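Input: a single structure, listed below in structure tokens.
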Amino acid sequence: TYEYLRYRKSTYIRLRVYTLAYEYLRWLTSTYASTRVLTLACEYLRYLRR
């Protein structure tokens, strides 16, 4: 049973790491998308002002 507990703990930790990595990736993509939209908006405004 001890081995089983250790196994469960390791799988839990792995799951936690995967979840954190996934959240980080999602945050990264969302931030990248927002900055991209902001830069595009700035370009568009500059184009309109011309």
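FYI, it's all coordinate maths here, none of it is from the lab. Computed from a predicted model, the values in this text were never measured in an experiment.
Computing volume of the Cα convex hull per residue in Å³ directly from the structure and comparing it against (i) 84; (ii) 162; (iii) 23 singles out (iii).
Each residue of the stretch 26-39 is assigned a 3J(HN,Hα), and the resulting list reads 5, 4, 4, 5, 5, 5, 4, 5, 5, 5, 4, 4, 5, 5 Hz, derived from the Karplus form 6.51 cos²θ - 1.76 cosθ + 1.60 (θ = phi - 60°), x at Gly and Pro.
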